[in-house]
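The values are calculated or read from the model by the stated rules, or taken from the named source; none is laboratory data. Since the structure is predicted, the reported quantities are computational estimates derived from the model, not experimental observations. Because the Cβ atoms are built from the backbone with ideal geometry, glycine has one as well, and the counts that use them run over all protein chains shown. Note: areas computed on protein heavy atoms with side chains; ligands, DNA, RNA excluded. Shrake-Rupley method; radii C 1.70, N 1.55, O 1.52, S 1.80 Å.
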Amino acid sequence: TRLALAEAELAEARSEVLEAERGLQLSRDELSSALATLTLQERALARQRDLVTRGVGTESALENAELAANSTASTALSRRQSVQAAEQRVTTTNARVGRAAINLAEAERDLENTTLVAAFDGGLSDVTIVEGGLVSANERIATLIDDTALEVAVRVSTEQYSRLIDGAGLLRPAP
């Protein structure tokens, strides 16, 4: 479960990075648009000043152009702050991806450490654990039996033993 949660956390963090990068690009586009508008407003202001100096324009039109240029400059400043905030979000989400990757690696390592592998194939006997149970250090959880090294001892009577040996007194080969 921890491994699955860590994988989901990493995927979510990567998704947030993509979203933050898209947000940063949009903020940059908005800043570019605001700067272009500011350039236009500054040209309009310069034109109004020129008209006023030539006596053709009005002070009211000049004042409106100044207000529009000032408002656009404020918008551009706001867009710069948005770009800075978006860059910070990208940095933060990249750091979150790093932490999620570390958590994933730790969960994988923990899972690998919870798997017990015997040095040989065999059967288990005297199993004392249940699925989902906790195991403490040095706890005996089962007995591993090597089924290729089993020895069986059976008591037989003398009459039964005589049927198992051949004429030379050796054990007969039998299944």
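With a Förster radius of 22 Å applied to the C-beta separation of Arg43 and Arg80, the computed FRET efficiency comes to 0.60. For Gly57, the residues 5 or more places off, or on other chains, whose built amide H falls under 5 Å of its own are Val52. Based on every Cα atom in the range 42-130, Rg and the maximum pairwise Cα distance Dmax equal 34.5, 107 Å. Per-residue extension of 0.36 nm, minus the Cα-Cα distance of Ser15 and Thr53, leaves a gain of 8.0 nm for this segment. Modelled label positions at Arg28 and Arg155, each set 7 Å beyond Cα in the direction of Cβ, lie 9.0 nm from each other. Relative contact order for the range 1-82: 35 percent, from Cα pairs under 8 Å spaced at least 6 residues apart, divided by residue count. Across Gln160, Gln88, Gln25, mean-square fluctuation computed from a Gaussian network of the chain (C-alpha pairs under 10 Å connected) peaks at Gln160. Rounded to the nearest 0.05, the FRET efficiency derived from the C-beta distance between Ala168 and Thr148 at R0 = 35 Å is 0.75.
Over the chain, DSSP H runs of length four or greater, each weighted -39,500 (n - 2.57), average out per residue to a 222 nm ellipticity of -24000 deg cm²/dmol. What FRET efficiency do you get for Asn113 and Thr91 if R0 is 41 Å and r is their Cβ-Cβ distance, rounded to the nearest 0.05? With a Förster radius of 41 Å, E is 0.75.
Here the Karplus relation 6.51 cos²θ - 1.76 cosθ + 1.60, evaluated at θ = phi - 60°, turns the backbone of the range 18-28 into coupling constants of 4, 5, 5, 5, 5, x, 5, 5, 5, 4, 5 Hz, with x for every Gly and Pro.
With protein chains left intact and a 1.4 Å probe, residues in the range 41-175 average 81 Å² of accessible area per residue.
From the coordinates of this entry, semi-axes √(5λ) of the Cα gyration tensor in Å is computed, and it appears in (i) 33, 18, 15; (ii) 91, 14, 8; (iii) 31, 21, 14 under the label (ii).
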